[in-house]
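Right, one structure below, let's go through it.
The values are calculated or read from the model by the stated rules, or taken from the named source; none is laboratory data. Model, not experiment: these values are computed from the prediction. As a convention, Cβ positions derive from the backbone with ideal geometry for all residues, glycine included, and neighbour counts pool all protein chains shown.
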Amino acid sequence: MVSISGSVFFPLTVPSCSSRSRKVAVLDAHNSFFCKKRDQRRIVVCNCIAPPPYFKSDGSSAVNSNDSFRSEHLSPDNDDKDESDVLIECRNVYKSFGEKHILRGVSFKIRHGEAVGVIGPSGTGKSTILKIIAGLLSPDKGEVYIRGRKRVGLIDDEELSGLRIGLVFQSAALFDSLTVRQNVGFLLYENSSLSEDQISELVAENLAAVGLKGVEDRLPSELSGGMKKRVALARSIIFDNTRKEIEPEVLLYDEPTAGLDPIASTVVEDLIRSLHIKGEDASGKPGKIASYIVVTHQHSTIRRAVDRLIFLYEGKVVWQGITDEFTTSTNPIVQQFASGSLDGPIRY
Ligand SMILES: Nc1ncnc2c1ncn2[C@@H]1O[C@H](COP(=O)(O)OP(=O)(O)OP(=O)(O)O)[C@@H](O)[C@H]1O
């Protein structure tokens, strides 16, 4: 799954072992497709490379990732801290669309083991920064480092850095004409040499991890909104487990609970937690996600699904803090956003 300038690339044809597609489709903002030769651009969402030695065997970091964020602060990062567990760093990132200057010097770090929320008013560039981290957009200025290696191009760079980065779209972005099995196993049908049976087994396992069983043969239209999001999560976490390497993975969630009722939101929030290495998935296994970032507007998601918050406003990080500080902060921007007040520095 690769996107450039707002277009998302997906393999186009229905996956089948006998005829692995050599084409990818470009899904534009209006969900229309056109074909593109796969060889023009490699599709990399899940590459499996061993973690560096500073990760413990259980996948957790040897370094306590949260110590530097015990108190809120405006400066994006604590530079005195050990850098060895930094998975992603945005350094002074700028991005404009035409005359719209969206990101104007965004800097932050995501460390191994972190669960981070990115919040801020609408249109402030939250989804844009996720796409830049995922390698779907390139910054106009500034750098993104993936495990200390500067991203030079777009998504292919992940392969060099040994970090799988998955982006879970707000809309779930499932293929309507494919079954749940084909949607979840999509990249494996396309990119692995696993047999259909092996892929089916992995699909069932990953659906179980998100609390879904027996839905493999259904079409997306036969699922509720919450189920679709869970299928999208299963698709994000599935990988070829016959490869020997253990891969750390970062998941980027773009408004995962938007449009869900409060209970369905809670289900998805808990699911996000359970997929994290500090959690346990629905089938009782430890989660596989090393770190994740959630873009959200929902208070419940802020409270339930993340430990640390990054507040974007007018193209910059204006506040960072642990989740508990969000409602007690004396920062007027944060206070206004947390209370939903019309009075304050944020103007609509
Ligand atoms: N590919 C693009 N081309 C032109 N403008 C874009 C593109 N992508 C985003 N924008 C614009 O950039 C701005 C920031 O968009 P973005 O989706 O990152 O904001 P956001 O903070 O995630 O907003 P929201 O909370 O409403 O989802 C918006 O004004 C949007 O219209």
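Numerical summary
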| read-out | value |
| --- | --- |
| Single condition Lys100 does not satisfy, out of (1) under 21 Å from the mean Cα position of the chain (by Cα); (2) modelled with pLDDT under 95 | (1) |
| Any hit, region 85-101, residues being more than 11 Å from the ligand (Cβ to nearest atom), assigned to a loop (DSSP other than H, G, I, E, B), surrounded by 24 or more Cβ atoms within 10 Å (Cβ to Cβ) and not acidic (Asp, Glu) | no |
| Residue identified as part of a loop (DSSP other than H, G, I, E, B) and out of contact with any Asp or Glu (no Cβ under 9 Å at 6 or more places or on another chain) among Ser193, Ser138 | Ser138 |
| Ser221 assigned to a helix (DSSP H, G or I), among the polar types (S, T, N, Q), more than 23 Å from His276 (Cα to Cα) and at pLDDT 90 or above | yes |
| Residue that is within 16 Å of the ligand (Cβ to nearest atom) and either surrounded by fewer than 22 Cβ atoms within 10 Å (Cβ to Cβ) or part of a loop (DSSP other than H, G, I, E, B) (or both), where the choices are Ile346, Ile293, Ile263 | Ile346 |
| Residue within region 275-286 that is touching a helix residue (DSSP H, G or I) at 6+ places or on another chain (Cβ under 9 Å), farther than 20 Å from Lys131 by Cα and surrounded by 21 or more Cβ atoms within 10 Å (Cβ to Cβ) present | yes |
| Flag for Thr242 being at pLDDT 85 or above and surrounded by fewer than 21 Cβ atoms within 10 Å (Cβ to Cβ) | no |
| Hits in region 107-130 (condition: under 19 Å from Phe337 (Cα atoms) and either part of a strand (DSSP E or B) or more than 9 Å from the ligand (Cβ to nearest atom) (or both)) | Val116, Gly117, Val118, Ile119 |
| Unmet requirement for Gly340, which otherwise passes all of (1) within 16 Å of the ligand (Cβ to nearest atom); (2) modelled with pLDDT of 90 or more; (3) among the small types (Gly, Ala, Ser) | (2) |
| Test for Asp254: is it surrounded by fewer than 17 Cβ atoms within 10 Å (Cβ to Cβ), out of contact with any Gly (no Cβ under 8 Å at 6 or more places or on another chain) and modelled with pLDDT of 85 or more | no |
